[in-house]
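Data block below; observations after.
Read the figures in this text as sums done on the coordinates, not as results from a lab. Predicted model only: the values in this text are computed from it and were never measured. Note that each Cβ is placed from the backbone with ideal geometry, even for glycine, and that neighbours are counted across all protein chains shown.
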Amino acid sequence: MTGWLAVAGLGPGAEALITPEVQAALDTATDIVGYILYVARIAPRPGLTLHPSDNRVELERARAALALAAAGRRVVIVSSGDPGVFAMASALFEALDGAPAPGFDIRILPGITAMLAAAAALGAPLGHDFCAINLSDNLKPWALIERRLRLAAQADFAIAFYNPRSKSRPEGFARALDILREECGPDRLISFARAVSTPDQALATVTLAEARPDMADMRTVVILGNSATRRAGPWVYTPRSAA
Ligand code: SAH
């Protein structure tokens, strides 16, 4: 039996936002590998083995998935959103880097990443140039986060923030908001999009002056507008032209 390995994005939560390509891979897989909360989104069925693992073991998880595929299994590593955005696809290539080319097929299957689902729910806050910053300092020093934050704000990008806040580092997001207030002033719009596309979805848009750290948690993606971002009724959008 020929094994294969796919790294698939499950989208932000709603089943309707799983691509047909990802669904087809899930339907033909023998093994699902990934973080517990993401594997929990896969319905069990006969012939399918689920391999949930803890969050911080990405490289081990990638190696285990490679070993399964090498043994002839059809393996899907699942990520939320898109697997190439702060997720498992890079970990897989790190595990492969320098090793002999595997004798089975490897595919990365894109998904709808949190910032795009959030932007659509809010209106069109990413309608002009934007960037994405992961606020987790698990894998990079805080000084680098702060430098990117400042320079992106100075360049007037709209910015999507992933992993804004967690119990293990509650003070980082407060510091990020202070920096943004310094760089962008009090009137800039900032949106908090929680659990987008799930029954728990919650959206809020406020000014930087009104923004508080506890408006975000680990299920929130935060979108800062650029200097032209404005409201249109219940919506938030960024015009396509810059003055
Ligand atoms: N690969 C994922 C991101 C993983 S990092 C993707 O492409 O979306 C995890 C972070 O993604 C969370 O802390 C949160 O900031 C964001 N996120 C993931 N799903 C989300 C959702 N449904 N609603 C809001 N934010 C979400």
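A few notes on this one:
- Contour minus Cα-Cα distance for LEU50 and LYS140 (0.36 nm per residue): 29.3 nm
- Full-extension gain in nm, ALA209 to ALA228, via 0.36 nm per residue minus C-alpha separation: 5.2 nm
- Antiparallel bridges, percent of DSSP beta bridges restricted to segment 55-213 (to nearest 5): 60 percent
- Three-way shape label, segment 35-85, alpha-carbon gyration tensor, a/c 1.5: oblate
- Taking THR198, THR30, THR205 and counting other C-beta atoms within 10 Å, the order from fewest to most: THR198, THR30, THR205
- The ranking of GLU21, GLU171 by Cβ neighbour count inside 10 Å, starting from the fewest, reads GLU171, GLU21.
- Distance-filtered residues of segment 66-81 - backbone nitrogen under 17 Å, label point 7 angstrom along MET1 Cα→Cβ: 66-77
- Net +/- balance of residues flanking ALA65 in space, Cβ distance below 14 Å, scoring K and R +1, D and E -1: 0
- Around the Cα centre of the chain, unit charges on the Cβ atoms of Lys, Arg, Asp and Glu (plus for the first two, minus for the last two) sum to a dipole of about 160 debye.
- Overall form of segment 1-65 per C-alpha gyration tensor (a/c, 1.5; a/b vs b/c): oblate
- Local charge for THR220 was computed over the other residues whose Cβ lies under 10 Å away, with Lys and Arg +1 and Asp and Glu -1, and equals +2.
- Global form of segment 138-243, assessed from the alpha-carbon gyration tensor, a/c cut-off 1.5: oblate
- In this Cβ point-charge picture (+1 for Lys and Arg, -1 for Asp and Glu), segment 1-105 has a dipole of about 260 debye about its Cα centre.
- Burial ordering of CYS184, CYS131, fewest other beta-carbon atoms within 10 Å first: CYS131, CYS184
- Surface/4 estimate of mean projected area, convex hull on alpha-carbon atoms of the chain, nm²: 14.2 nm²
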